[in-house]
Structures are given as structure tokens and as C-alpha cells.
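What follows is a structure written as C-alpha cells; I'll ask about it next.
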Amino acid sequence: MSDPRPILFFDSGVGGLSVVRAARAALPDAPFVYAADSAGFPYGTRTEDEIAARVPALLGRLAERYRPRLIVIACNTASTIALPAVRAALDIGVVGTVPAIKPAAALSRTRTIGVLGTQATVRQAYVDDLAARFAADCTVIRHGSAALVEMAEGVLHGRPSPRSAYAAVLAGLFDQPGGGAIDTIVNACTHFPLVEAELAAEAPEGVRFVDGSAGIARRIVALTVGQDFPESAGAGIAVFSRLGAAERALAPALAARGFARLEAL
């Protein structure tokens, strides 16, 4: 029997679409809801207390409205700060997003890894723990960039940034002591894979970028194995905590990714 319950993806902005892309490839018939906290965007410059209070409350409202079978917090910042509180508050499976330090360590030959995220993510003790557990023999260099989040959002709004802007972001990693040895960069914000091609074009030759989207997709599949899905995914819903002109301007980009309906929370 067909089960219409969606999988709900949550982010502050459009970055979670990079996770949706991987999940869609793995589960093409699953119905998706994409939720963006546009009223709270960007999370990377907010305090931990603000995010810890905001995310569980919003996800509670979203769960009540859409009755999802699974929630995916497709945001590194929200996951590293609020994931335990969300799991404690909701009687639904919740998948988080964490910096892909483990696969980066497996790839790095120079044993020097760059972690590119928001300011809020790169300063978290959780990142310290991941580095200690999975990259203890590596030098891990971090850089937080609010500008790159805005640049990724701009791409979906049809406002591309110049190449020099991407070079300036990468300089935040490569210009640090020891940064010249970086051969693998963790895109530790779900916005950043949306502009990976632009970043790669400005990075030194041979530098590789990794993110957690494929691993998240595998986790979603594992948690929904054996469940029934509709014969087709149907029109997805994109819901915003503030639905204004800027959010409505995203309609073509969202429709191209399967989210034909826009709603306000």
C-alpha cells in the first residue's frame, strides 16, 4: 500500500538542495518537502543559543504540518548545534549533517586537510572531536566564510559571483600557516557543493573537494528500507519561514529540482 508521507529536508537557505540532489538519485519515487528558515538565514553568523532555540521549535511545527516519515537536517551548522535537542523533542527519525572529515582523511596524501564551513560550524567542539577521531595524523586547517554562503545563494538567484571572490574565500585556507600543503577540502556547509565547480576552478591543481551528501543519502535509504513509496514522487513542496519576493524569485530554480509548490510556514 502506497505511503504518501514525505521526507523533510531542513536548512536555513538553499544549501540543503545539495543533499536533496543525492537523496533524489537514491530514492527517485520518494516525496520530498524542502524547508528553509529564510527568516533566520544565515545561521552561520548566529549564536549557538539562537540556533539551539530556533531549530527544534521550527522542526516541531514542520513535523506537525507535514507528518514526515523522516527529517534530514541538511545543514552542518544546525546539526552540530541542535541535533541532540531535535532528536529528544521529536518522535521521528532525524538524520544530521556533519563535516566529512573522515572521508577527507582517507583521501589526503599530504595529511593536510582544509575545512571550509560557516563561522558557527568551524568553531564547534564537535569538529574538534571529528578531527581527533578520524584525522589524528592530519593537520586540519579551518576557515569560516559567510561570504561563500551568500555566493551560493546568489547562484540560484541568477546572480553569479566573479572568480576573484572564490579565490578570496580559498585564500582563507591556503594563506594560513601550513595551508599550502592542503590537498583535500571538506565542504562543511551544504551550500558549498552548489558552487564546488567554481571553487575547484580557483583551487591549486589536484586539490579535491568532499562533502557528506552521498553518506547522508545512504543513511536515508537505510532508514527507509522496506517502506512503501508512491509510484512517483509528485510535485515537491518548498516551505519558507518567511515567503517574500526573494524567496519567490527562487521558484524556477526550485521547480527545476522538483519543488513546484511554494508555501509559508
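For D129, state whether it is closer than 20 Å to L223 by Cβ, among the acidic types (D, E) and more than 19 Å from the chain's Cα centre (by Cα).
no
Conditions: (1) within 17 Å of A200 (Cα to Cα); (2) under 17 Å from the mean Cα position of the chain (by Cα); (3) of a type outside the set (F, W, Y). Q124 meets all but one. Number of the miss?
(1)
Can you go through A197, A181, A201 and tell me which one is touching a Ser or Thr at 6+ places or on another chain (Cβ under 8 Å) and modelled with pLDDT of 95 or more?
A181
Among (1) surrounded by fewer than 19 Cβ atoms within 10 Å (Cβ to Cβ); (2) under 21 Å from L17 (Cα atoms); (3) touching a strand residue (DSSP E or B) at 6+ places or on another chain (Cβ under 8 Å); (4) not small (G, A, S), where does V72 come up short?
Answer for V72: the failing condition is (1).
Can you tell me how many residues in the stretch 158-180 are on the phi < 0 side of the Ramachandran plot and surrounded by fewer than 14 Cβ atoms within 10 Å (Cβ to Cβ)?
Matching residues across the stretch 158-180 total 9.
Looking at L116, L90, L107 in this structure, which one is in contact (Cβ under 8 Å) with a residue 60 or more places away in the chain, open to solvent by 20 Å² or more (accessible area, probe 1.4 Å) and among the hydrophobic types (A, V, I, L, M, F, W, C)?
L107
While we're here: Out of the residues in the stretch 125-154 meeting the condition of being closer than 17 Å to G114 by Cβ and hydroxyl-bearing (S, T, Y), tell me which one is surrounded by the fewest Cβ atoms within 10 Å (Cβ to Cβ).
For the stretch 125-154, the residue satisfying everything is T139.
If you don't mind, there's one more thing I want to ask. Restricting to helices (runs of 4 or more DSSP H) lying wholly in the stretch 48-141: which have 2 or more residues that are at pLDDT 95 or above and farther than 22 Å from D11 by Cβ?
101-107, 125-134
A82 is checked against (1) aliphatic (A, V, I, L, M); (2) closer than 27 Å to F209 by Cα; (3) touching a Leu at 6+ places or on another chain (Cβ under 8 Å) and fails just one. What number does that condition carry?
It fails just one condition, (3).
Of everything in the stretch 211-239 that's under 19 Å from R67 (Cβ atoms) and hydrophobic (A, V, I, L, M, F, W, C), which residue is modelled with the lowest pLDDT?
A233
Each row is one residue, and each column tells you yes or no for (1) at positive phi; (2) in contact with a helix residue (DSSP H, G or I) (Cβ under 8 Å, 6 or more places away or on another chain); (3) small (G, A, S).
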| residue | (1), (2), (3) |
| --- | --- |
| S12 | no, yes, yes |
| Y34 | no, yes, no |
| G44 | no, yes, yes |
| A57 | no, no, yes |
| R65 | no, no, no |
| A74 | no, yes, yes |
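Additional query: Out of the stretch 1-32, which residues are part of a loop (DSSP other than H, G, I, E, B), more than 22 Å from S79 (Cα to Cα) and of a type outside the set (D, E)? Step through it out loud before you land on a result.
Of all residues in the stretch 1-32, those part of a loop (DSSP other than H, G, I, E, B) come to 1-6, 12-16, 27-31.
Subsequent filtering for residues that are more than 22 Å from S79 (Cα to Cα) retains 1-5, 27-31.
Scanning the stretch 1-32 gives M1, S2, P4, R5, L27, P28, A30, P31.
Does D211 satisfy being of a type in the set (D, E, K, R), surrounded by fewer than 17 Cβ atoms within 10 Å (Cβ to Cβ) and in contact (Cβ under 8 Å) with a residue 60 or more places away in the chain? Please lay out each step first, then the result.
Details: of a type in the set (D, E, K, R): yes; surrounded by fewer than 17 Cβ atoms within 10 Å (Cβ to Cβ): no; in contact (Cβ under 8 Å) with a residue 60 or more places away in the chain: yes.
No.
The values are calculated or read from the model by the stated rules, or taken from the named source; none is laboratory data. Because the structure is predicted, anything quoted here is derived from the model rather than measured. As a convention, Cβ positions derive from the backbone with ideal geometry for all residues, glycine included, and neighbour counts pool all protein chains shown. Accessible surface is based on the protein model in full, side chains and every heavy atom, while ligands, DNA and RNA are left aside. Shrake-Rupley method; radii C 1.70, N 1.55, O 1.52, S 1.80 Å.
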